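The values are calculated or read from the model by the stated rules, or taken from the named source; none is laboratory data. Remember, it's a predicted structure, so these values are computed and weren't measured experimentally. No Cβ is skipped: glycine too gets one built from the backbone with ideal geometry, and neighbour counts run over all protein chains shown. Heavy atoms of the whole protein, side chains included, go into the accessibility calculation; ligands, DNA and RNA do not. Shrake-Rupley method; radii C 1.70, N 1.55, O 1.52, S 1.80 Å.
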Amino acid sequence: MSQNQDNLIVVLDMGSAWTRVLAADLNEGALHYRGGIELGSRMREITRDDVRSAVERARAVERPPDREILHLLPRQFILDGQPGIFDPVGMVGARLEVDLHIATCSGSALQSTITCANRAGLEVTEAVLESIAAAEATLSADERELGVCLLDIGAHSSDLAVFFEGAVVHTGSVPIGGAHFTNDLAVGLQMPKAQAEDLKCQFGHCVVTAVPQESEIEIANPQPQKLALRSIAEILEPRARELMHFVKESLRQGGVVDALGAGCVLSGGGASLPGMLDITEGQLRVPARTGMPVRLSNMPGELVNPGFAMPIGMLLYAHRTRVTRAAENNSLRAKLRAIFAASF
């Protein structure tokens, strides 16, 4: 699939009677929205339903054709003109507003994937952006509070999400992924892509000066020949710098360049490429680390790898949202029981 098309990844959570399918659109778009609801002529206590109503109003926002809303992500709430509120439930006021970051995806690509899943006998219950899913498995609460960029380097594109003060404040997509590094090697060294992928994984490096000049390997292409390891790095380094250039431009357009107090966390298969952290720190001027997913109970050690951060994060995301909805349903049942008890 070409780099300007929407690529969808489907992860299955087998923990329910119907299989939950979470699809992440790599070529996402973002909008900002600020709106709210009037709570009445007199001040009253804010409920969870009031918060939900204020957020859901954003679904009517005008957006480009063929864009489907993927996430409604509150940045802050404004109560009677007072900003900087992150959880207004229980507070008292007359007007509740919300400042939202809206992540969108290609509606046609998403629906095509949902249709495929349905025809396979699977029920699609929710879609989640890759970088937000990866963040579930890799970021700490302190990093989200201080400000951090999660960059998930996929095969054909890379998704990023910026957290600040605990909320998502920016999302973006860069049309460069691990497959572009492989293709550069295949073209530059005139070899099949499968062989180029093996070379990248075994001997690749994104910093030319970190590779000894005298280091060589012998390859069959198709005849046996010597290949200097620096020649591999000389091909990979420009692509890595281009990737981080686009990431920095996305951060600049989102106005969050100075919001990365905790730096940048890299996940996805491309995060394992040696030298990528050095390029990230040099280009973005912030500390960087590799995002290893948290270990789940009885999880094989082989899965503690940045390439599995996104699917593991999707499982955590599915579990968290299920628990949250169950708690809300229990709360609703308790309210209904109280109403009926009072009436009798």
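Of all residues in the range 204-223, those satisfying the criterion of being part of a loop (DSSP other than H, G, I, E, B) and touching a residue at least 60 places away in the same chain (Cβ under 8 Å) are Gly204, His205, Cys206, Val207. Hey, can you tell me all the residues within the range 91-130 that are part of a strand (DSSP E or B) and surrounded by fewer than 17 Cβ atoms within 10 Å (Cβ to Cβ)? The answer is Val92, Arg95, Glu123, Thr125, Glu126.
Can you name every residue in the range 53-90 that is assigned to a loop (DSSP other than H, G, I, E, B) and more than 19 Å from Ala30 (Cα to Cα)?
Of everything in the range 53-90, those that are assigned to a loop (DSSP other than H, G, I, E, B) and more than 19 Å from Ala30 (Cα to Cα) turn out to be Asp80, Gly81, Phe86, Asp87, Pro88, Val89, Gly90.
Total residues in the range 34-52 satisfying the condition of being open to solvent by less than 20 Å² (accessible area, probe 1.4 Å) and not in a loop (DSSP other than H, G, I, E, B): the figure is 5. The set of residues in the range 293-307 being over 21 Å from His156 (Cα atoms) and either part of a loop (DSSP other than H, G, I, E, B) or open to solvent by less than 70 Å² (accessible area, probe 1.4 Å) (or both) consists of Pro293, Val294, Arg295, Leu296, Ser297, Asn298, Met299, Pro300, Gly301, Leu303, Val304. Of the listed requirements (1) touching a strand residue (DSSP E or B) at 6+ places or on another chain (Cβ under 6 Å); (2) at pLDDT 90 or above, Ala94 misses just one: (1). Counting residues in the range 222-232 that are open to solvent by less than 30 Å² (accessible area, probe 1.4 Å) and either within 27 Å of Met310 (Cβ to Cβ) or among the acidic types (Asp, Glu) (or both) gives one or more. Applying the set (1) more than 12 Å from the chain's Cα centre (by Cα); (2) surrounded by 19 or more Cβ atoms within 10 Å (Cβ to Cβ) to Ile219 leaves exactly one unmet item: (2).
So which residues in the range 236-272 are buried (at least 21 other Cβ atoms within 10 Å of the Cβ) and among the aliphatic types (A, V, I, L, M), if there are any at all? If the condition is that a residue be buried (at least 21 other Cβ atoms within 10 Å of the Cβ) and among the aliphatic types (A, V, I, L, M), then Leu236, Ala240, Leu243, Met244, Val247, Leu251, Leu260, Ala262, Val265, Leu266, Ala271 are the ones that fit. Applying a threshold of 8 Å to beta carbon distances and a minimum spacing of six or more residues, or different chains, the list of pairs starting in the range 285-308 at a residue that is under 17 Å from Gly269 (Cβ atoms) and ending at one that is open to solvent by 40 Å² or more (accessible area, probe 1.4 Å) and charged (D, E, K, R) reads Ala288/Glu281; Val304/Arg295. Screening Thr182 on (1) under 15 Å from Leu151 (Cβ atoms); (2) open to solvent by less than 20 Å² (accessible area, probe 1.4 Å) shows it passes everything except condition (1).
Within the set Met310, Met276, the sole residue that is open to solvent by less than 50 Å² (accessible area, probe 1.4 Å) and at pLDDT below 95 turns out to be Met310.
Matching residues to (1) under 23 Å from the mean Cα position of the chain (by Cα); (2) at pLDDT 75 or above:
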position: Trp18; (1), (2): no, no
position: Ala23; (1), (2): yes, no
position: Leu31; (1), (2): yes, yes
position: Ile37; (1), (2): no, yes
position: Val51; (1), (2): no, yes
position: Val61; (1), (2): yes, yes
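If you go through the range 172-202 and pick out every residue that is assigned to a helix (DSSP H, G or I) and among the β-branched types (Val, Ile, Thr), you end up with 2.
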